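The structure's right below; bear with me while I get my questions together.
Nothing in this text is a laboratory measurement; each read-out follows from the coordinates by a stated rule. Since the structure is predicted, the reported quantities are computational estimates derived from the model, not experimental observations. Glycine also receives a Cβ, built like all others from the backbone with ideal geometry; neighbour counts cover every protein chain displayed.
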């Protein structure tokens, strides 16, 4: 089943395997522009039915990691055109992940004070400029609470980024609302202490996400829009949120009429609890449209999710770092090249080494 076609709306995929989004920080400087090396990287991995790119900041203030590819200037659009053409030439489809990290950043990366639902900082580190020069992990900055004007501007930034993505040749966009980034910060109790319509009740804490999604769907169509959530992951937060699962379920009910391309559940990374089978069944009961699951999957565990109808698509992240020909390895039961310490060291920044020099199986 994992190798079967998947069709939904205008999305036609040759298999149900997606390449999950992974930050790699290989852009051309200055300007954080996608380049030929990135086009090669994605084309090598275009055996996936669908590729989801690394997170692309929708604005300078939305940026969280240095050297990540933006989608808010014409240079970004032109750079991404090389990437989308390379992927399409290999017969795959590609969604760009739209990114606003909120408080998970630093003013040396964004150029101004970082934003969040409330002015609450969590101990955290991101990949940014070091005081002594070069890049490495730095502590995040103190956020300020977003005003109503900030919220409306951010919604507009998402819409413009989606339009830019379509101009750049993408088949669709995935909005990152997981991993403690901006939309997740609005949904969680510890980071959202607002007293306006975007804080307090569960309905209010999901409002920003729903407004973003509806605005983008209105602009480019629901079958070109997806969203990533992580209700069972605590990344970016010191403690578990007792309400986040219920809040995400409320979001799913609101998103269902939008007929999205898929909802993407990110699981089993950073600090997490395993998603229980009861949650998978509840999601299917309240959400009728396509579901993608990612998080330390194997070919076998992914197949079980598909066969149990808990997922329509399955995404693989780190296996795609060291196995550009992942689908062929799965089909032929060839061994996978390990994601080892050297591969981890080359994740962020650098050159071709540990990026486009992994061979196909011989």
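Restricting attention to the alpha-carbon atoms of segment 47-204, what are Rg (one decimal) and Dmax (integer), both in Å?
16.4, 50
Among bridges DSSP assigns within segment 6-345, what percent are antiparallel (round to 5)?
25
I've got another one for you. How much length is gained if the chain between residue 193 and residue 284 is pulled fully straight, taking 0.36 nm per residue apart and subtracting their Cα-Cα distance, in nm to one decimal?
Fully extending the segment from residue 193 to residue 284 adds 29.7 nm.
OK, next. Pick from 339, 127, 170: which residue has the top mean-square fluctuation in a GNM of the chain where Cα pairs under 10 Å get a spring?
Result for the chain, Cα springs under 10 Å: 339 fluctuates most.
How would segment 277-326 be classified by its alpha-carbon gyration tensor: rounded, prolate or oblate, with rounded meaning a/c under 1.5 and the a/b versus b/c comparison settling the rest? Could you put the intermediate results ahead of the total?
Numbers: a/c = 2.73, a/b = 2.35, b/c = 1.16.
Since a/c reaches 1.5 and a/b is larger than b/c, the shape of segment 277-326 is classed as prolate.
So how do 88, 264, 100, 179 line up by other beta-carbon neighbours within 10 Å, fewest first?
88, 179, 100, 264
While we're here: Once you order the gyration tensor axes a ≥ b ≥ c over the Cα atoms, which shape class does the chain get: rounded for a/c under 1.5, otherwise prolate or oblate by comparing a/b with b/c?
Values: a/c = 1.44, a/b = 1.14, b/c = 1.27.
It comes out rounded by the Cα gyration axes.
Picking from 336, 13, 182, which is most flexible by a Gaussian network model of the chain using Cα springs under 10 Å?
Answer for the Gaussian network model of the chain: 336.
May I pose another question? Can you put 271, 188 in order of Cβ neighbours within 10 angstrom, beginning with the fewest?
Ascending Cβ contact count within 10 Å gives the list 271, 188.
Helix-derived [θ] at 222 nm for the chain: sum -39500 (n - 2.57) over DSSP H runs of at least 4, divide by residue count, nearest 500? Display every interim value, and only then the final one.
Details: 13 runs with 121 residues, N = 362.
That calculation yields -9500 deg cm²/dmol at 222 nm.
I've got another one for you. Find how many whole Å separate the alpha carbon centroid of segment 312-343 from the alpha carbon centroid of segment 179-255.
What the calculation gives is 31 Å, centre to centre.
What is the order of 209, 50, 347, 11, fewest Cβ neighbours within 10 Å to most?
Listing 209, 50, 347, 11 from fewest to most nearby Cβ atoms yields 347, 11, 209, 50.
Moving on to the next point. When the chain is modelled as a GNM with alpha-carbon springs shorter than 10 Å, which of 266, 118, 195 fluctuates the most?
Comparing 266, 118, 195 in the GNM, the peak value goes to 195.
Here's something else I'd like to know. For segment 88-179, just say rounded, prolate or oblate: build the C-alpha gyration tensor, square-root its eigenvalues into a ≥ b ≥ c, call rounded for a/c under 1.5, and beyond that prolate if a/b exceeds b/c, oblate if not.
Values: a/c = 2.52, a/b = 1.45, b/c = 1.74.
Judged from the Cα gyration tensor, segment 88-179 comes out oblate (a/c at least 1.5, b/c at or above a/b).
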